[in-house]
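One structure is given below, encoded as structure tokens.
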Amino acid sequence: MVSRVIDPKGADSSGIYRRPRLALKLKRFEDLPSLLSKPKSYPTPIRMVGADYSQTRCVGGDGGTTVDTSALDRILEFGETTVRAQAGVRVSTLVKALAERGQELPLTPEMGQISLGAMAVSTLPQPSYAEGMAQMSSCISEVKLITPQGKQMTVTDRERDLMRVLRSSFGLLGIVHEVVVRVRPLTPVKIDYQVMTLKEFTSRYPKLISAPGAIRLHVSPFHDRITIERRTLDESAEINRSGIWQIKKSVMRNVLPAFGSTVGSVLAAPGLRNAVLSGMHRALGGGAKGVMMYAHEWMRDMPKEAWKARHTYSLWAFPQADYPNVVSGYFNFCKSYYKQHRYRGNVVSGASRLHQDRGSLFSASYSGPMFTLEPSSSGEQGWDDFLIDYNEFASSKGGTPTFNQTRALQPEHVAKSFGERAKLFRALRQRTDPVNRLRNSYFEYLLG
Ligand SMILES: Cc1cc2nc3c(=O)[nH]c(=O)nc-3n(C[C@H](O)[C@H](O)[C@H](O)COP(=O)(O)OP(=O)(O)OC[C@H]3O[C@@H](n4cnc5c(N)ncnc54)[C@H](O)[C@@H]3O)c2cc1C
């Protein structure tokens, strides 16, 4: 039914160890109830592994059983507005299959190794176009899962409250084996770049956020530079495939890698790391205007072994209204940290504007529109300590963390950011899984 595999990453060089007693590869979802009902054969906790690219110990085996879902890899049914697929399918596989049919997801991340199971239950904020759709989980309209007691359950987005909780459940309320994802017609995206100093950014900020489109920022505190990347959906654009392909090549080869936003390329070429900071501005010159591409063309696959891509960033989200202050504080924080500890990140920090999205309980933009701020690094010495202080800075500025993309998180940060929502989740989890069959020490520490 399931195959046992040696877990090569029991404690890997990234520091994100999981130490399961048993590492399994699931072949059929029908085997899950029996697996859950036999704690002697399959020790507690049972933790699901998707693509295994999270930045934290949210998978965490803890002497229990990790279950790799990658063999649940079938796309089951394409429709006009939705697609049905198994939980182990990777977002990049789905996005490519959709593109061939002239369709795409409402949100397309830059990185392809995300499993649909993780997409349904974890926090994956993306540069957003409209209210209600700022995290990947909001693209999910139905999940099929097995509860901790081994019962099959189907939940659709008509059951709003339940769906909201499941979309933030990290495998603690049940194991997802199938999902339905919303799709829309493939739409060209126009991309514009502007480079500003912090002062310019602050004075133009009201205009910047009132204009339509998704916004991604590339922030360099030591160069006093913020590059604003605006993505506008162009429903009326008539561009042929080969035209787009040409443009894509030039963007990917010449512009995007220079931002350091495509971490894969930074890690692949160590010599590039220091060039990244200044290369961005060289590549852009006065700013690139009106580049056109389809969203699936900016998606990239990371190195095959997940650990090679770890230690790369940590994400907090901040209220949009106060964001220029936060960025200004971040510039000061980075500079004074460098003065004191002689450490500074070697990759440009990323950021995304998030519209309000209440689709999941732990949504990073649950309480209103936000901007993320994501210090990035290739994992050099000093990075882990830097993040401990960055967390204090972020929490003091009213930031909201995530459980899968914010490193070195502490229970105080969780309580401060999520308050009643964390209590509600804890109560639900205790009721649905009283014997803690699915809970690991990471979530016990942060959520109880
Ligand atoms: C270098 C790098 C770049 C990145 N770039 C981006 C980016 O551009 N955009 C973006 O959104 N993210 C990005 N990420 C974050 C990363 O994509 C996600 O955190 C991660 O990939 C989530 O998907 P996964 O399948 O790897 O989840 P995993 O790490 O395998 O699992 C995440 C959580 O979901 C649970 N889970 C998994 N499958 C199931 C299931 N079937 N049922 C129940 N629970 C389940 C796990 O137990 C765990 O708690 C990046 C990460 C790295 C390392």
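Assorted remarks:
- If the condition is being part of a strand (DSSP E or B), crowded, with 17+ Cβ neighbours inside 10 Å and more than 8 Å from the ligand (Cβ to nearest atom), then segment 47-81 contributes T65, T66, V67, D68.
- Test: residue in segment 335-351 that is within 20 Å of P206 (Cβ to Cβ) and in contact (Cβ under 8 Å) with a residue 12 or more places away in the chain: yes
Here is a yes/no grid of residues against (1) in contact (Cβ under 8 Å) with a residue 24 or more places away in the chain; (2) within 19 Å of the chain's Cα centre (by Cα); (3) not assigned by TED's automatic domain parsing to the domain that holds A214:
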{"site": "S378", "(1), (2), (3)": "yes, yes, no"}
{"site": "G382", "(1), (2), (3)": "yes, no, no"}
{"site": "F393", "(1), (2), (3)": "yes, no, no"}
{"site": "A408", "(1), (2), (3)": "yes, yes, yes"}
{"site": "P411", "(1), (2), (3)": "yes, no, yes"}
{"site": "A415", "(1), (2), (3)": "no, no, yes"}
{"site": "G419", "(1), (2), (3)": "no, no, yes"}
{"site": "Q430", "(1), (2), (3)": "no, no, yes"}
{"site": "N440", "(1), (2), (3)": "yes, no, yes"}
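- Residue list for segment 388-419, filter: out of contact with any Phe, Trp or Tyr (no Cβ under 7 Å at 6 or more places or on another chain), among the hydrophobic types (A, V, I, L, M, F, W, C) and surrounded by fewer than 21 Cβ atoms within 10 Å (Cβ to Cβ): I388, A408, A415
- Scanning segment 99-118 for residues that are in contact (Cβ under 8 Å) with a residue 24 or more places away in the chain and either near the ligand (Cβ under 7 Å from one of its atoms) or among the charged types (D, E, K, R) (or both) yields E104, P109, E110, M111, Q113, I114, S115, G117, A118.
- Residue match in segment 337-350 (condition: closer than 23 Å to C58 by Cα, aromatic (F, W, Y) and either at pLDDT below 95 or not in a helix (DSSP H, G or I) (or both)): no
- Verdict on Q149 being within 28 Å of Y323 (Cβ to Cβ) and touching a residue at least 60 places away in the same chain (Cβ under 8 Å): no
- The condition of being at negative phi, among the hydroxyl-bearing types (S, T, Y) and touching a Lys or Arg at 6+ places or on another chain (Cβ under 9 Å) holds for S360.
- Of all residue pairs spaced 6 or more apart or on separate chains, those with beta-carbon atoms under 7 Å, a first member in segment 164-176 that is assigned by TED's automatic domain parsing to the domain that holds A118 and under 14 Å from L438 (Cα atoms) and a second member that is among the polar types (S, T, N, Q) and outside any helix (DSSP H, G or I) are F170/S122; G174/T147.
- Filter pass, I75 being at pLDDT 95 or above, under 20 Å from K151 (Cβ atoms) and of a type in the set (V, I, T): no
- Test: residue in segment 21-40 that is within 13 Å of the ligand (Cβ to nearest atom), closer than 19 Å to D433 by Cα and surrounded by 22 or more Cβ atoms within 10 Å (Cβ to Cβ): yes
- Test for N332: is it more than 29 Å from G50 (Cα to Cα) and modelled with pLDDT of 95 or more: yes
The values are calculated or read from the model by the stated rules, or taken from the named source; none is laboratory data. Source: prediction; values computed, not measured. Positions of Cβ are generated from backbone atoms using ideal geometry, with glycine treated the same way; all protein chains shown enter the neighbour counts.
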